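**Student:** Dropping a structure here in structure tokens format, bear with me for questions.
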């Protein structure tokens, strides 16, 4: 009998997690009957009391459907469940409490609270004294509620599995949150069949770029929503130290959730434009008439379809992700570039340092904000033949990873005695 799987996620919206869930659905449909339960962000994000009630009713309706499925997979990004901390925590608990066999995919790990109750408070006072009692982190209510719900679920005899995008968060959930069954696999965003299509169609798109921007030999791409943590300013500053044959292509736009009414221009977009237009010092400190970057940086907008996004990654010569450290667990656009074997530059953030454990020798790394190092690395890559090995993780290993987890979750008889070691699935996926 074919197992029925319900994936709870944002859906059919301009969101990386929605795209990831759609990839999972297409990969798993060869083995399971897969349904996506959409999280309606137009309702769940609002904070008016009557709309919060409607949001709770939406989550409750999803929970009421659990009996129709063998395994429930929650794609957990806390912000998808609400616009306020307490709404996120309450709805998270509703889901993980209602699911009989649960597979939790962690996109952003909530920080573990320092203090979580009277015992912790007593220990805090004993170690630091009553004078510092007011420094006890009472404010971490969201974190406490979240991990109380996880610990409650862990104590339950019902099957509970956790999937993370890196080894650091796997170890965190096993050792700190004390969840026995935790497994890891890096983000992969290419759907089955895409690599061969992209290999076939990519050269034509690359040729279109050459015609559109004549005289340019190296196209550098940055991808995704335009926000400060993407480090686009670092890329722009690096362009000042590269020759005219290099052209920076910016694929992306402002995130829909960041669009504010009656705002003439997004603040970060304004910063980017000011940096591009900034005149460089001329002789004797006098500025040049205009910036030489205007003809070497182009905004190409956000590709409308996921495949078009992958095609843009395939077409450029160098993929660039100069991110700042914001505590993220992975990057969908960076996963595209690595899976496609593109010359890729990442910054030394915790997420990308974790990614290096899965993909050694697959990309170059620079320090956050070091635009001189970035320019030098771009120049070096453009003069070197791409001989990167085939990545060891891809959509096929991701399908095997989730397929194995779902089958084990569905077959578990209760408790955690059937699966306590996080290594076998990861090792098997890499074979």
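**Student:** What's the total number of residues in the stretch 1-24 that are touching a strand residue (DSSP E or B) at 6+ places or on another chain (Cβ under 6 Å) and either farther than 20 Å from residue 163 by Cα or surrounded by fewer than 19 Cβ atoms within 10 Å (Cβ to Cβ) (or both)?
**Tutor:** Residues in the stretch 1-24 being touching a strand residue (DSSP E or B) at 6+ places or on another chain (Cβ under 6 Å) and either farther than 20 Å from residue 163 by Cα or surrounded by fewer than 19 Cβ atoms within 10 Å (Cβ to Cβ) (or both): 2 in total.
Residues checked against (1) without any contact (Cβ under 8 Å) to a residue 60 or more places away in the chain; (2) more than 17 Å from residue 202 (Cβ to Cβ); (3) crowded, with 22+ Cβ neighbours inside 10 Å; (4) touching a helix residue (DSSP H, G or I) at 6+ places or on another chain (Cβ under 6 Å):
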site	(1), (2), (3), (4)
298	no, yes, no, no
304	yes, yes, no, no
307	no, no, no, no
314	no, no, yes, yes
317	no, no, no, no
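**Student:** Tally up the residues in the stretch 343-353 that are closer than 14 Å to residue 317 by Cα and either in a helix (DSSP H, G or I) or in contact (Cβ under 8 Å) with a residue 40 or more places away in the chain (or both), please. Even if it seems obvious, please write down each step before you answer.
**Tutor:** First, the residues of the stretch 343-353 that are closer than 14 Å to residue 317 by Cα: 343-345.
This time we only want the ones that are either in a helix (DSSP H, G or I) or in contact (Cβ under 8 Å) with a residue 40 or more places away in the chain (or both), so: 343.
Going through the stretch 343-353 one residue at a time, the tally reaches 1.
**Student:** Hey, another quick one. Restricting the search to the stretch 400-422, which residues are in contact with a helix residue (DSSP H, G or I) (Cβ under 9 Å, 6 or more places away or on another chain) and at pLDDT 95 or above? Full working, then the answer.
**Tutor:** Going residue by residue through the stretch 400-422, those that are in contact with a helix residue (DSSP H, G or I) (Cβ under 9 Å, 6 or more places away or on another chain) are 400-406, 408, 416, 418-419, 422.
Once the filter is applied, which keeps residues that are in contact with a helix residue (DSSP H, G or I) (Cβ under 9 Å, 6 or more places away or on another chain) and at pLDDT 95 or above, the stretch 400-422 yields 400, 401, 402, 403, 404, 405, 406, 408.
**Student:** Residue 71 fails exactly one of the following numbered conditions: (1) closer than 19 Å to residue 153 by Cβ; (2) exposed (fewer than 14 other Cβ atoms within 10 Å of the Cβ). What is the number of that condition?
**Tutor:** Answer for residue 71: the failing condition is (2).
**Student:** I need a count of the residues in the stretch 32-44 that are surrounded by 13 or more Cβ atoms within 10 Å (Cβ to Cβ) and modelled with pLDDT under 95.
**Tutor:** So the first thing to find is which residues in the stretch 32-44 are surrounded by 13 or more Cβ atoms within 10 Å (Cβ to Cβ), and the list is 32-41, 43-44.
Next cut, modelled with pLDDT under 95 only: 41.
Selection size over the stretch 32-44: 1.
**Student:** Condition first: outside any helix (DSSP H, G or I), free of Cβ contacts under 8 Å to residues at least 60 places away in the same chain and more than 23 Å from residue 191 (Cα to Cα). Now tell me which residues in the stretch 360-397 satisfy that.
**Tutor:** The initial filter retains those residues of the stretch 360-397 that are outside any helix (DSSP H, G or I), namely 360-370, 383-394.
Restricting the remaining residues to those that are free of Cβ contacts under 8 Å to residues at least 60 places away in the same chain gives 360-367, 383-392.
Those that are outside any helix (DSSP H, G or I), free of Cβ contacts under 8 Å to residues at least 60 places away in the same chain and more than 23 Å from residue 191 (Cα to Cα): 361, 364, 365, 366, 367, 383, 384, 385, 386, 387.
**Student:** Does residue 274 satisfy the condition of being at pLDDT below 95 and farther than 30 Å from residue 41 by Cβ? Give the derivation first.
**Tutor:** Numbers: at pLDDT below 95: yes; farther than 30 Å from residue 41 by Cβ: yes.
Taking the combined requirement at face value, the residue satisfies it.
**Student:** Which number in (1) surrounded by 11 or more Cβ atoms within 10 Å (Cβ to Cβ); (2) at pLDDT 90 or above marks the one condition that residue 264 misses?
**Tutor:** That leaves (1) as the condition not met.
**Student:** Something else: Can you work out which of the residues in the stretch 161-191 that are free of Cβ contacts under 8 Å to residues at least 60 places away in the same chain and out of contact with any strand residue (DSSP E or B) (no Cβ under 7 Å at 6 or more places or on another chain) is nearest to residue 310 (Cα to Cα)? Talk me through it step by step, then tell me what you get.
**Tutor:** Quick first cut of the stretch 161-191, residues free of Cβ contacts under 8 Å to residues at least 60 places away in the same chain only: 162, 171, 175, 178-179.
Next, from what is left, pick out any that are out of contact with any strand residue (DSSP E or B) (no Cβ under 7 Å at 6 or more places or on another chain): 171, 175, 178.
Numbers: 171: 31, 175: 36, 178: 37 Å.
The qualifying residue nearest to residue 310 (Cα to Cα) is 171.
**Student:** Could I ask something else about it? Kindly evaluate residue 252 against the criterion of being exposed (fewer than 14 other Cβ atoms within 10 Å of the Cβ) and under 29 Å from residue 368 (Cα atoms). Lay out the reasoning, then the answer.
**Tutor:** Working: exposed (fewer than 14 other Cβ atoms within 10 Å of the Cβ): no; under 29 Å from residue 368 (Cα atoms): yes.
The answer is no for residue 252.
**Student:** Would you mind stating whether residue 222 is at pLDDT 95 or above, crowded, with 20+ Cβ neighbours inside 10 Å and closer than 28 Å to residue 298 by Cβ?
**Tutor:** Working: at pLDDT 95 or above: yes; crowded, with 20+ Cβ neighbours inside 10 Å: yes; closer than 28 Å to residue 298 by Cβ: yes.
It is true that residue 222 is at pLDDT 95 or above, crowded, with 20+ Cβ neighbours inside 10 Å and closer than 28 Å to residue 298 by Cβ.
**Student:** While we're on this one: On the given criteria, is residue 338 in the same structural domain as residue 203 (by TED's automatic domain parsing) and either closer than 22 Å to residue 228 by Cβ or in a loop (DSSP other than H, G, I, E, B) (or both)? Give the steps one after another, and end with the answer.
**Tutor:** On the way: in the same structural domain as residue 203 (by TED's automatic domain parsing): yes; either closer than 22 Å to residue 228 by Cβ or in a loop (DSSP other than H, G, I, E, B) (or both): no.
When the stated conditions are applied, residue 338 does not pass them.
**Student:** Something else: Given the stretch 1-116, what strands (runs of 3 or more DSSP E) lie entirely inside it while holding 1 or more residues that are touching a residue at least 40 places away in the same chain (Cβ under 8 Å) and over 27 Å from residue 255 (Cβ atoms)?
**Tutor:** Numbers: elements: 4-9, 33-38, 71-76, 102-106.
Per the criteria, 4-9, 71-76, 102-106.
The values are calculated or read from the model by the stated rules, or taken from the named source; none is laboratory data. What you see is a predicted model, and the numbers here were worked out from it, not measured in a lab. Quick reminder, even Gly has a Cβ in these numbers, built from the backbone with ideal geometry, and neighbours come from all protein chains shown.
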